[in-house]
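See structure below.
The values are calculated or read from the model by the stated rules, or taken from the named source; none is laboratory data. Fair warning: this is a prediction, and the values are worked out from it, not measured in the lab. No Cβ is skipped: glycine too gets one built from the backbone with ideal geometry, and neighbour counts run over all protein chains shown. SASA here: full protein model, heavy atoms, side chains in, ligands and nucleic acids out. Shrake-Rupley method; radii C 1.70, N 1.55, O 1.52, S 1.80 Å.
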Amino acid sequence: MIEFQNVSKVYPNGTVGLKNLNLTIHKGEFIVIVGLSGAGKSTMLRSINRLHEITDGQIVIDGKSITAASGGELRRMRRDIGMIFQSFNLVKRSSVLRNVLSGRVGYHPTWRTVLGMFPKHDVDLALKALERVNIREKAYSRADELSGGQQQRVSIARALAQEAKIILADEPVASLDPLTTRQVMDDLQRINQELGITTIVNLHFIDLAREYATRIIGLRAGQVVFDGPVAEATDDK
Ligand code: ADP
Ligand code: ADP
């Protein structure tokens, strides 16, 4: 469960990203956040795992405030949260397998991962994750040899290898064509349904949101303007 309690985010230049957000997200939900560019979708996602700091309120995950967490506790909380970006954020020159293994970094002392010394258990997890998104055969290819859609599936596999309980996907299909978009959304949906991973996805398009979400949250100027089941969401939200 993720609770936003009176969350506001004002950027250093004074721009309001989020304004007094109150929301509860339950385990296993597939939430799509919709809204125009600048509505605060990305600000909201980045606040959850503290990619940036909120300026007021707090975010509580399974009863623990991530806003107040620090050191080892913050690292453990972040381990449960997988992040997927529009631009994939893979290490282009590394193999697909290495990229997926980077999801395991938080489970080991730094020196081990710097040397690339991942135990067999991790490699097995990584390969299984690749299998789940149907690109196991690409494990030893260089990441930048893959198509955009395949690269996005690698980043999904990275979150799976991380054993994330929450997946945050920030415009995951914005740079993909319609067919690939569907494949990536299907993967996210299947993982949500099979593994019960709470999934929060930012999308520009309401049609896609309607098709995949169990709940749609509409943002405008950093505030919630719609929050409800898919059937009630309309274009002007
Ligand atoms: P999107 O809205 O599609 O996420 P943006 O073009 O708004 O993308 O933002 C791209 C990058 O620029 C992001 O890293 C964002 O944090 C940053 N950014 C957006 N608006 C501003 C701004 N007014 N001042 C400084 N940085 C900004
Ligand atoms: P969305 O993801 O819905 O496009 P964002 O969360 O990126 O919206 O942006 C929300 C608001 O915060 C926008 O007005 C944007 O310009 C602003 N913003 C985003 N990133 C920054 C930043 N790094 N510095 C200043 N303003 C920003």
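The value of relative contact order for the chain, using C-alpha pairs under 8 Å at least six residues apart, is 30 percent.
Can you tell me how region 49-178 classifies by the Cα gyration tensor, rounded, prolate or oblate, using a/c under 1.5 as the rounded cut?
Values: a/c = 2.18, a/b = 1.37, b/c = 1.60.
Cα axes put region 49-178 in the oblate bin.
In the context of the full set of protein chains, residues of region 21-172 present 46 Å² of accessible surface per residue (probe radius 1.4 Å, heavy atoms only). Anisotropy class assigned to the chain is oblate, per the alpha carbon gyration tensor with a/c at or over the 1.5 cut-off and a/b no larger than b/c. Ligands, DNA and RNA excluded, the heavy atoms of residue 102 present near 50 Å² of accessible surface to a 1.4 Å solvent probe. Listed cross-link partners 64/165; 138/165; 27/92; 19/41 are compared with a 21 Å cut-off, the Cα-Cα value being larger for 138/165; 27/92.
Once a ≥ b ≥ c are taken as the square roots of the eigenvalues of the Cα gyration tensor of region 1-79, is the result rounded (a/c under 1.5), prolate (a/b larger than b/c) or oblate (a/b not larger than b/c)? Verdict is oblate for region 1-79. Relative contact order for region 101-237: 18 percent, from Cα pairs under 8 Å spaced at least 6 residues apart, divided by residue count. Go ahead and set up a Gaussian network model of the chain, Cα springs under 10 Å, then flag whichever of 13, 49, 22 fluctuates most. In this elastic network of the chain, the residue with the biggest mean-square fluctuation among 13, 49, 22 is 13. Measuring nothing but how far apart in sequence close Cα pairs (under 8 Å, 6+ apart) lie, relative to its length, region 146-216 scores a relative contact order of 37 percent.
For the chain, with all protein chains present and a 1.4 Å probe, just round the carbon and sulfur fraction of the accessible area to a whole percent. List each step's numbers first, then the result.
Working: 5620 of 11220 Å².
On the chain, the fraction of accessible area on carbon and sulfur atoms equals 50 percent.
Helix 148-161 and the longest principal axis of the C-alpha atoms of the chain enclose an angle of approximately 90°. Looking at region 14-99, the trypsin sites (Lys or Arg not before Pro) that sit in a DSSP loop and have at most 13 other Cβ atoms within 10 Å of their own Cβ are 27, 92, 93. Relative to the longest principal axis of the Cα atoms of the chain, the long axis of helix 178-195 makes an angle of roughly 90 degrees.
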